[in-house]
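**Q** Can you read through this structure? Questions will come right after.
The values are calculated or read from the model by the stated rules, or taken from the named source; none is laboratory data. Since we're looking at a predicted model, the values are computed, not measured. Cβ: placed from backbone, ideal geometry, glycine included. Neighbour counts: every protein chain shown. Only protein heavy atoms, including side chains, enter the accessible area calculation; ligands, DNA and RNA are left aside. Shrake-Rupley method; radii C 1.70, N 1.55, O 1.52, S 1.80 Å.
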Amino acid sequence: MKTPIRVAVTGAAGQIGYSLLFRIASGAMFGPDQPVILQLIEAPIEKALKALEGVVMELDDCAFPLLKGVVQTSDASVGFKDANWCLLVGAKPRGPGMERADLLKDNGKIFIEQGRIIDAVAAADARVAVVGNPANTNCMIAASQAKRLPAERFTAMVRLDQNRAQTQLAKKAGVDLTEVKNIYIYGNHSPTMFPAYGHATIGGKPAAQVINDLAWLQGPFCETVGKRGAAIIAARGASSAASAANALVDHVRSLVTIGAVHSVAIKSNGAYGFDANVWAGMPVRTTAPGTYEPITNYFLDDFAKQKIAATNKELVDERSFVADMIK
Ligand code: NAX
């Protein structure tokens, strides 16, 4: 029997948490022979902590053979203690009339604190994946607090956008979605991100050639993927949760699968024209469990460069709103 992995999850009683925890405990994230201990962290709010109690009862009632323990707490230093993976899902939602800058600052406080505590108490091999929005900038903020853990350990999720783009290409081409490969997301997890159809293939041929409709690729395709979150809120009356949890399972699963090539928001070193030190989505290749190398040599045409410049500008602006917090 392998040693259990400790997986800390913030926002554990939220919508995404409710879809996510059962997938982790069933083995979908780390594999069918890897036991896990869940360390569930909620905000110190009575209603949230009560809801978490219910979620833990349901985890018990699933009798998952791989689930070797559950910690429930509102104390981050207990929740992140010795964690091998820290999944930062909880965040403050944007309230009515709230400015983006205020949202960034409010969440900044949460992610500064969590980054500091993770660096102090998590396992030596700890990896961090940020989902709570604005995910890229929250990830940058958390990483800014780390002195022990290197910045590459901090990733933000753009996998939901990749999955959305893959399905849209398959539907347009009228093929099974497994035929669609090499579709990666560049930039921010926001409507400005760029689903780079230029490297995508469908049945082994360039996607642009198979679809043969550049106006659709540059227009409705990018728009549908970029605004999918809003479309789901409009239809469901709540933001995407099951698909976001599924994307986080994919994000981590790909990060522990050697050879996987997938989209992750990571600390930029200037590749593709992103400003150094913003967290930008781009393709990476997993080289060892939890370790990856950015793929920096994909060709981008003028349209792609223009889209990347726009999403980079948004990331730089977000960073400027919180610059005083991360000094
Ligand atoms: P919910 O509001 O349902 O749940 C969030 C939970 O986080 C709540 O239970 C809340 O009490 C908890 N929380 C707040 N502050 C906390 C703290 N300091 N420590 C621990 N827990 C805390 O939101 P949900 O639908 O689950 O979404 C969670 C986050 O994911 C949001 O920020 C959302 O915007 C973001 N998303 C990110 C996506 C991505 O692709 N990166 C897609 C889906 C989602 O929109």
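**Q** For K307, go through the aspartates and glutamates and keep the ones whose alpha-carbon is under 13 Å away, minus same-chain ones fewer than eight residues off.
**A** E223
**Q** Near K47, which lysines are there with a Cα under 25 Å away, not counting those fewer than 8 places off in the same chain?
**A** Excluding near neighbours in sequence, the set is K81, K92, K105, K109.
**Q** Between K109 and V78, what length in nm is gained on full extension when 0.36 nm per residue of separation is reduced by their alpha carbon distance?
**A** On the way: separation 31, 0.36 × 31 = 11.16 nm, distance 1.87 nm.
The K109-V78 span can extend by a further 9.3 nm.
**Q** From Cα pairs below 8 angstrom and at least 6 apart in sequence, can you work out the relative contact order of the chain, rounded to a whole percent?
**A** Values: 656 pairs, mean separation 54.5, N = 327.
Relative contact order here is 17 percent.
**Q** Given R₀ = 56 Å, FRET efficiency for R23-A323 by Cβ-Cβ distance, to 0.05? Could you put the intermediate results ahead of the total?
**A** Numbers: r = 37 Å, r/R0 = 0.65.
Step by step, r from the Cβ atoms, then E = 0.95.
**Q** Sorted by average packing, counted as other Cβ atoms within 10 angstrom per residue and highest first, what order do 157-169, 22-34, 49-61 take? Intermediate results must be reported in sequence, preceding the final value.
**A** Details: 157-169: 25.0, 22-34: 17.0, 49-61: 14.5.
Those peptides, ordered most packed to least, come out 157-169, 22-34, 49-61.
**Q** Using the Cα centre of the range 5-156 as origin and beta-carbon charges of +1 (Lys, Arg) and -1 (Asp, Glu), tell me which of L103, G14, G31 is placed farthest towards the positive end of the dipole.
**A** Most positive-ward Cα: L103.
**Q** Show which aspartates and glutamates lie in cross-link reach of K50 when reach means a straight Cα distance below 14 angstrom and same-chain residues fewer than eight apart are skipped.
**A** Output for K50: E42, E58.
**Q** Placing +1 at every Lys and Arg Cβ and -1 at every Asp and Glu Cβ, with all other atoms neutral, what dipole size does the range 5-156 have around its Cα centre, in debye to the nearest 20? Mind dumping the intermediate values first?
**A** On the way: 16 positive and 16 negative charges, 87 e Å.
Dipole size: approximately 420 debye.
**Q** Would you be so kind as to identify which of N133, L300, V225 lies farthest towards the positive end of the dipole of the chain, taking Lys and Arg as +1 and Asp and Glu as -1 on Cβ and the Cα centre as origin?
**A** Going by the charge dipole, the pick is L300.
**Q** In terms of the Cα gyration tensor, with a ≥ b ≥ c the square roots of its eigenvalues, is the chain rounded because a/c is under 1.5, prolate because a/b exceeds b/c, or oblate? Please report the intermediate quantities before stating the final value.
**A** Details: a/c = 1.59, a/b = 1.37, b/c = 1.16.
Prolate, since a/c reaches 1.5 and a/b exceeds b/c.
**Q** Leaving out ligands, DNA and RNA but keeping every protein chain, what accessible area does E223 have, in Å² rounded to the nearest 10, with a 1.4 Å probe?
**A** 110 Å²
**Q** Also: Could you tell me which of rounded, prolate or oblate describes the range 159-323, using a ≥ b ≥ c as the square roots of the eigenvalues of the alpha-carbon gyration tensor, with rounded for a/c under 1.5 and, failing that, prolate when a/b is larger than b/c and oblate otherwise?
**A** Values: a/c = 1.22, a/b = 1.16, b/c = 1.05.
Since a/c stays below 1.5, the shape of the range 159-323 is classed as rounded.
**Q** So how strong a dipole does the chain carry about its Cα centre when Lys and Arg Cβ are +1 and Asp and Glu Cβ are -1, to the nearest 20 debye?
**A** Details: 34 positive and 30 negative charges, 47 e Å.
Dipole magnitude for the chain comes out near 220 debye.
**Q** Could you state the number of Å between the C-alpha centres of the range 6-67 and the range 163-200?
**A** 30 Å
**Q** On a 0 to 90° scale, report how tilted helix 15-26 is relative to the longest principal axis of the chain, with both axes built from alpha carbons and the result rounded to the nearest 10.
**A** Helix 15-26 sits roughly 80 degrees off the main axis of the chain.
**Q** Also: Taking all protein chains as present, what is the carbon and sulfur share of the accessible area of the chain, in % to the nearest whole number, probe 1.4 Å?
**A** Numbers: 7530 of 14140 Å².
Summing carbon and sulfur atoms, their accessible area is 53 percent of the total for the chain.
**Q** Rounded, prolate or oblate, given the Cα gyration tensor of the range 271-327, with a/c below 1.5 counting as rounded?
**A** Numbers: a/c = 3.41, a/b = 1.19, b/c = 2.87.
Since a/c reaches 1.5 but b/c is at least a/b, the shape of the range 271-327 is classed as oblate.
**Q** Once fully extended, how much extra length lies between T167 and Q218, figured as 0.36 nm per residue of separation less the alpha-carbon to alpha-carbon distance? List each step's numbers first, then the result.
**A** Numbers: separation 51, 0.36 × 51 = 18.36 nm, distance 1.62 nm.
Separation in residues times 0.36 nm, less the Cα-Cα distance, equals 16.7 nm.
**Q** Can you work out the FRET efficiency for the pair A310 and T287, with r the C-beta to C-beta distance and R0 = 25 Å, to the nearest 0.05?
**A** Numbers: r = 31 Å, r/R0 = 1.22.
In this case the efficiency is close to 0.25.
**Q** Please determine, in degrees from 0 to 90 and to the nearest 10, the orientation of helix 159-173 with respect to the longest principal axis defined by the Cα atoms of the chain, where the helix direction is its Cα long axis.
**A** Rounded to the nearest ten degrees, it is 40.
**Q** Could you work out the helix-only [θ] at 222 nm for the chain, with each DSSP H run of four or more residues adding -39,500 (n - 2.57) and the total divided by the number of residues, to the nearest 500 deg cm²/dmol?
**A** Details: 11 runs with 133 residues, N = 327.
Mean residue ellipticity at 222 nm (helix-derived): -12500 deg cm²/dmol.
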